[in-house]
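Working notes, structure below.
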Amino acid sequence: MTHKEKQDEFVAMIKQHERLILRICSLYTNSCRAELCDLYQDAVCAMWESYDSFRRESKPSTWVYSVTRYTMLNHMRKHRLETMSLQECDKEDVADDSYDPMLEDLHDAVALLQPEERDLFIMWMEGFKNDEIAQVTGLGYGAVATRLTRIKLKLRKILKESKEVRYE
């Protein structure tokens with residue numbers, strides 16, 4: 001494969017998974033637009049640097065998620081970023097143009113999860129199967145299934161408590 005063909009293939013893959021990359025990056029930023037752009041660029045650069053090692057044994061979305069996730073975790077370790085509530089962002093600045101206020105509570109609840117829990121839940125929400133999540137995280141299939149069940153229960157509890165507080 002020529003360098004140009006490799007570049008074209010990479011660009012097509014990035015375009016196809018752009019929304020996934022942006023969603024992952026948005027979970028690890030404490031500001032909306034500027035830092036999100038920086039994190040997105042960091043993730044794409046990391047993917048390009050490791051593109052030759054992508055063996056195509058997994059789906060491209062699994063590889064994209066994995067590289068983006070590790071890039072964000074490394075960035076978070078370096079900068080100790082905090083996630084923020086969607087209320088703190090202007091609706092226009094949110095990465096997903098189809099902003100839905102109904103998802104705000106879920107986003108806030110997910111932000112309260114531990115980073116490892118957040119990763120598992122977001123992968124599940126993005127449609128990854130348990131075996132794909134296991135491949136990305138290095139956990140066993142059973143561990144993924146168990147942790148996802150516990151995470152969902154934890155989120156239900158958080159959402160229930162926030163609803164009770166809001167209506168008291």
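The values are calculated or read from the model by the stated rules, or taken from the named source; none is laboratory data. As the structure is a computational prediction, the values presented were derived from the model and not from experiment. Note that we place each Cβ from the backbone using ideal geometry, even for glycine, and neighbour counts take in every protein chain shown.
So which of ASP100, ASP119, ASP131 ends up being at pLDDT below 55 and either among the acidic types (Asp, Glu) or surrounded by 12 or more Cβ atoms within 10 Å (Cβ to Cβ) (or both)?
Details: ASP119 fails: at pLDDT below 55; ASP131 fails: at pLDDT below 55.
None of the other options fit; the residue is ASP100.
Consider GLU57 against the criteria (1) exposed (fewer than 15 other Cβ atoms within 10 Å of the Cβ); (2) at pLDDT 75 or above; (3) in a helix (DSSP H, G or I); (4) not assigned by TED's automatic domain parsing to the domain that holds ARG156: it satisfies all of them except one. Which criterion is unmet?
Among (1) exposed (fewer than 15 other Cβ atoms within 10 Å of the Cβ); (2) at pLDDT 75 or above; (3) in a helix (DSSP H, G or I); (4) not assigned by TED's automatic domain parsing to the domain that holds ARG156, GLU57 violates only (3).
Looking only at residues that are within 15 Å of the chain's Cα centre (by Cα) and free of Cβ contacts under 8 Å to residues at least 60 places away in the same chain in the stretch 15-31, which one is surrounded by the most Cβ atoms within 10 Å (Cβ to Cβ)? Give the steps one after another, and end with the answer.
Applying the first criterion (within 15 Å of the chain's Cα centre (by Cα)) to the stretch 15-31 yields 17-30.
When the remaining residues are screened for being free of Cβ contacts under 8 Å to residues at least 60 places away in the same chain, the result is 17-18, 21, 28-30.
On the way: HIS17: 18, GLU18: 14, ILE21: 22, TYR28: 23, THR29: 25, ASN30: 13.
Ranking the qualifying residues of the stretch 15-31, first place goes to THR29.
Determine whether the stretch 32-42 contains at least one residue that is assigned to a loop (DSSP other than H, G, I, E, B), among the hydrophobic types (A, V, I, L, M, F, W, C) and surrounded by 13 or more Cβ atoms within 10 Å (Cβ to Cβ).
Step one: list which residues in the stretch 32-42 are assigned to a loop (DSSP other than H, G, I, E, B), which gives 32.
Cutting the leftovers down to among the hydrophobic types (A, V, I, L, M, F, W, C) gives us 32.
Next, from what is left, pick out any that are surrounded by 13 or more Cβ atoms within 10 Å (Cβ to Cβ): 32.
The answer is yes, given that some residue of the stretch 32-42 is assigned to a loop (DSSP other than H, G, I, E, B), among the hydrophobic types (A, V, I, L, M, F, W, C) and surrounded by 13 or more Cβ atoms within 10 Å (Cβ to Cβ).
Counting only residues that are without any contact (Cβ under 8 Å) to a residue 24 or more places away in the chain and out of contact with any Ser or Thr (no Cβ under 9 Å at 6 or more places or on another chain), how many does the stretch 112-132 have?
So the count comes out to 5.
Looking only at the stretch 1-20, how many residues end up being at pLDDT 90 or above and among the aliphatic types (A, V, I, L, M)?
Residues flagged as at pLDDT 90 or above and among the aliphatic types (A, V, I, L, M) within the stretch 1-20 amount to 4.
Looking only at the stretch 112-132, count how many residues are charged (D, E, K, R), outside any helix (DSSP H, G or I) and over 13 Å from the mean Cα position of the chain (by Cα). Show your work before the answer.
Looking only at the stretch 112-132, we keep the residues that are charged (D, E, K, R), and these are 116-119, 126, 129, 131-132.
After this cut, where a residue has to be outside any helix (DSSP H, G or I) as well, the list is 126, 129.
Imposing the further condition that a residue be over 13 Å from the mean Cα position of the chain (by Cα) reduces the set to 129.
Qualifying residue count for the region: 1.
Could you check the stretch 134-151 and list, in sequence order, the residues that are surrounded by 17 or more Cβ atoms within 10 Å (Cβ to Cβ) and either assigned to a helix (DSSP H, G or I) or among the polar types (S, T, N, Q) (or both)?
Quick first cut of the stretch 134-151, residues surrounded by 17 or more Cβ atoms within 10 Å (Cβ to Cβ) only: 134-137, 139, 144, 147-148, 151.
Those that are surrounded by 17 or more Cβ atoms within 10 Å (Cβ to Cβ) and either assigned to a helix (DSSP H, G or I) or among the polar types (S, T, N, Q) (or both): ALA134, GLN135, VAL136, THR137, VAL144, ARG147, LEU148, ILE151.
Go through VAL136, VAL144 for me and flag whichever is modelled with pLDDT of 90 or more and within 23 Å of PRO60 (Cβ to Cβ). Quick ask: steps written out before the conclusion?
Details: VAL136 fails: modelled with pLDDT of 90 or more.
Going through VAL136, VAL144 in turn, the sole match is VAL144.
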